[in-house]
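Read the structure below first, then the notes.
The values are calculated or read from the model by the stated rules, or taken from the named source; none is laboratory data. The shown structure was predicted, so the numbers you read here are calculated from the model rather than taken from an experiment. Quick reminder, even Gly has a Cβ in these numbers, built from the backbone with ideal geometry, and neighbours come from all protein chains shown.
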Amino acid sequence: MPTKTLDKTYLPPVEVKIPDDFPPPANKPVDYGPPTDKPAPGGPVIKDPGPGKEDVKKDERREARVVCRNYPEIQALLADRFPVIADREDFNSRGISRFDMAMTITVGPGGEIKNPVMRQTSNAFAGRAMQSTVLAALKKLRCDGQSSDVAVDVPLSFTLAD
């Protein structure tokens with residue numbers, strides 16, 4: 001009777017050597033601008049819309065709080081949803097009590113919302129957990145159309161109550 005042999009392939013453990021002079025990651029502070037009278041959400045400066053967005057000119061960038069008349073309502077909606085998502089995703093065990101997101105949308109000539117993109121977040125886990133909720137809320141923005149497509153910065157800040 002023939003005997004069975006098992007083919008065992010040996011894979012050595014992966015070793016990665018990091019040089020002693022390797023620089024640690026840089027923690028750059030985020031500038032939120034001057035303080036305001038009331039604690040309105042703010043966010044980091046948003047980068048250029050990126051490749052493929054040639055129809056949006058850099059000098060035509062606007063802020064959502066100026067272009068979109070229901071921006072405060074959308075902020076309130078997101079502020080109400082944040083604790084629910086934070087509880088579901090267990091932000092407390094991860095030490096997340098506050099984070100910022102920087103979104104960019106394109107507002108068309110008729111006020112239509114196009115190309116919502118998350119540009120930056122201060123916490124990757126929280127950003128992923130909130131992303132679908134934020135994108136859905138951005139579709140509800142009512143913005144004034146400009147003469148052409150305009151990039152609109154949407155800064156968002158989330159804080160859990162103590």
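Condition check ((1) surrounded by 15 or more Cβ atoms within 10 Å (Cβ to Cβ); (2) under 18 Å from Pro72 (Cβ atoms); (3) in contact with a Pro (Cβ under 7 Å, 6 or more places away or on another chain)) across all residues:
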{"site": "Val107", "(1), (2), (3)": "yes, yes, no"}
{"site": "Gly111", "(1), (2), (3)": "yes, yes, no"}
{"site": "Lys114", "(1), (2), (3)": "no, no, no"}
{"site": "Thr121", "(1), (2), (3)": "yes, no, no"}
{"site": "Ala126", "(1), (2), (3)": "yes, no, no"}
{"site": "Lys140", "(1), (2), (3)": "no, yes, no"}
{"site": "Cys143", "(1), (2), (3)": "yes, yes, no"}
{"site": "Gln146", "(1), (2), (3)": "yes, no, yes"}
{"site": "Val154", "(1), (2), (3)": "yes, yes, no"}
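Just so you know, in segment 47-74 the residues that are part of a loop (DSSP other than H, G, I, E, B) and among the acidic types (Asp, Glu) include one that is modelled with the highest pLDDT, and it is Asp48. The condition (being among the aliphatic types (A, V, I, L, M) and over 14 Å from Ala64 (Cβ atoms)) is satisfied by just one residue among Ala102, Ala151, Ala136: Ala136.
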